[in-house]
1. Scan region 1-21 residue by residue and report those that are touching a residue at least 40 places away in the same chain (Cβ under 8 Å) and out of contact with any Gly (no Cβ under 6 Å at 6 or more places or on another chain).
2. What's the number of the condition Thr12 fails, among (1) more than 17 Å from Val90 (Cβ to Cβ); (2) hydroxyl-bearing (Ser, Thr, Tyr); (3) surrounded by 14 or more Cβ atoms within 10 Å (Cβ to Cβ)?
3. Take region 39-48 and flag every residue that is free of Cβ contacts under 8 Å to residues at least 60 places away in the same chain and either surrounded by fewer than 23 Cβ atoms within 10 Å (Cβ to Cβ) or touching a Gly at 6+ places or on another chain (Cβ under 7 Å) (or both).
4. I'm trying to understand the selection: among the residues of region 79-105, which are in a strand (DSSP E or B), in contact with a Gly (Cβ under 6 Å, 6 or more places away or on another chain) and at negative phi?
5. Among the residues of region 16-73, what is the count of those that are polar (S, T, N, Q) and not in a strand (DSSP E or B)?
6. Out of all the residues in region 69-111, which are more than 17 Å from Ala38 (Cα to Cα), surrounded by 21 or more Cβ atoms within 10 Å (Cβ to Cβ) and without any contact (Cβ under 8 Å) to a residue 60 or more places away in the chain?
7. From the residues in region 15-38 that are of a type in the set (A, V, I, L, M) and over 20 Å from Gln112 (Cβ atoms), which one is surrounded by the most Cβ atoms within 10 Å (Cβ to Cβ)?
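Derivation of every value follows stated rules applied to the coordinates shown; laboratory data play no part. It should be emphasised that the depicted structure is a prediction, and the values quoted were computed from it without experimental measurement. FYI the Cβ positions are ideal-geometry reconstructions off the backbone, even for glycines, and counts take in every protein chain you see.
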Amino acid sequence: MPDRSVHGQWCTSITELGTKDTASAAGMTALTVRQYKAICDGSWKNFSTIYVWQQFHDLGYAYNASAGVHVSGESASRGWFTGANRDREVFSQPTNTISLCTQGFGKIAYKQGGVWKESGAGASSWVC
């Protein structure tokens, strides 16, 4: 991934960590989650991304993709961020978790038939 701004932090030396994962919604593969490490504003940090697949996007549902970084032994994701309606690529906030065991994590909330539903969770492999 090229150098880029991630929620206002300039990130360089971006490198994917672990193995990506996919998750399903509405009976199909709907998203891919990945975890990265990068130098963001001068220090090493982790962040995750969610990419919504075209086949799910083309269904026309309202949806919000969310991404965060899971830390081993913690119940809540760090850096959790929910994108705007129908954003196909969503980044978590960069987190100061580079020395911990982490995985990228994400899901989609979507409106189908007037009812809000949630995709399965995607989680990249743990990296310690």
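1. Kept after step one, since they are touching a residue at least 40 places away in the same chain (Cβ under 8 Å), are these residues of region 1-21: 6-7, 9, 11, 17-21.
Within region 1-21, Val6, His7, Gln9, Cys11, Leu17, Gly18, Thr19, Lys20 qualify.
2. It fails just one condition, (3).
3. Quick first cut of region 39-48, residues free of Cβ contacts under 8 Å to residues at least 60 places away in the same chain only: 39-47.
Those that are free of Cβ contacts under 8 Å to residues at least 60 places away in the same chain and either surrounded by fewer than 23 Cβ atoms within 10 Å (Cβ to Cβ) or touching a Gly at 6+ places or on another chain (Cβ under 7 Å) (or both): Ile39, Asp41, Gly42, Ser43, Trp44, Lys45, Phe47.
4. Within region 79-105, Trp80, Val90, Thr95, Phe105 meet the criteria.
5. Residues of region 16-73 that are polar (S, T, N, Q), as a first pass: 19, 22, 24, 29, 32, 35, 43, 46, 48-49, 54-55, 64, 66, 72.
Subset that is not in a strand (DSSP E or B): 54-55, 72.
Adding up the residues that qualify gives 3.
6. Passing the criteria: only Ser77.
7. Here is the first cut: in region 15-38, the residues of a type in the set (A, V, I, L, M) are 17, 23, 25-26, 28, 30-31, 33, 38.
From what's left, over 20 Å from Gln112 (Cβ atoms): 17, 33, 38.
Numbers: Leu17: 19, Val33: 26, Ala38: 23.
By that ranking, first place goes to Val33.
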